[in-house]
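What follows is a set of notes on a single structure, which appears directly below.
Bear in mind these aren't lab numbers, they're just calculated from the coordinates by the rules spelled out. This one's a predicted model, so the numbers in the text were calculated from it and none came from an experiment. Because the Cβ atoms are built from the backbone with ideal geometry, glycine has one as well, and the counts that use them run over all protein chains shown.
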């Protein structure tokens, strides 16, 4: 009896320990699954939040346009404010656009400061970025109201600063576009063993180059048909030169980057040249289309809507592309609780985008009125786009040449012996 009780007691004790370990394992596994579900839900909220901010930015563009073109009709009596000047003129037109732009900048800059350096999904700043929409709505209203009580002289200073901020935004956008072109080229032309992939890459290269050459020919016909249009002839001719130079550099034996990336870039700079020429004032006589329709009609309205959508898309795509602007790009395995994009950079780009759309709506000119249903029209806009085109081509060619310049010089045995003899002789 004693032996049986002793044996039974010894058996029951390990069984209890095993049962306890199983329970702990099940509890741990259940907790781990709950955390994964929780993190997955946080990720979805974080990704959805991006689109909410994009909608806010789009609505801000629409409000800026309403203040510029129809503000005096929609809001004939603003609350009393010395900032609006005589008869409240300084709260509409150019000044109205800048005030709305400043309000948008304030909102996104506050979001940048409060979400910068967020790394984990369980941080409070992640909840602030992805939620708290009622409080952020109040913050947005306050940010839009404050600029309408700021004197016009300070708004003018903000306009000057916005030129710099808009320029920085254009540079970030260019870098993002060029990185996308590089990724696309590597995606289609990276593996020589996949003949179908290379064939598609070559086909797309041909399409892009045909489109680029066709675009240059069309611009010559419509915008440089007269010898008096010397500036347009120069713009288009220089674009053609840049296209040829990029193609030659891409095909050089030391660079050997193929035609796809240079073809896409060629199409992009041709597009920038076209938009620059289209931004010339209506009074110019170098386009038969402008003489007939000017900047009015349904084509202008459609172009205006497309331009606003393009501003929002460009800002959104640049904001989520934070990895492009990292100095070190080490491959890091993301953990379950890591954020999927950098909130601070995202909001910073949107704050710069607020300055950018402000400049587009006033055509980069702080002292003149912009025509209704027009955007980014005028000589200032034309030159900004042309310089943007030249800068884009320069950055792209530098990215092609720089890796070759960084390569260490490989000396043959004869060259090494010759260098050694020279050093001994010296």
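Taking packing as the residue-averaged number of other Cβ atoms within 10 angstrom, the listed peptides 229-242, 145-158 run from highest to lowest as 229-242, 145-158. Length gained on full extension, residue 119 to residue 146: 6.6 nm, using 0.36 nm per residue less the C-alpha separation.
Potential lengthening of the chain between residue 317 and residue 210 amounts to 35.8 nm, from the contour at 0.36 nm per residue minus the alpha-carbon distance.
Highest mean packing first, where packing is the average number of other Cβ atoms within 10 Å per residue, the peptides 165-173, 264-272 line up as 264-272, 165-173.
Per-residue packing, averaged as other Cβ atoms within 10 Å, sorts the ranges 219-228, 52-61, 352-361 into the order 352-361, 52-61, 219-228, beginning with the highest.
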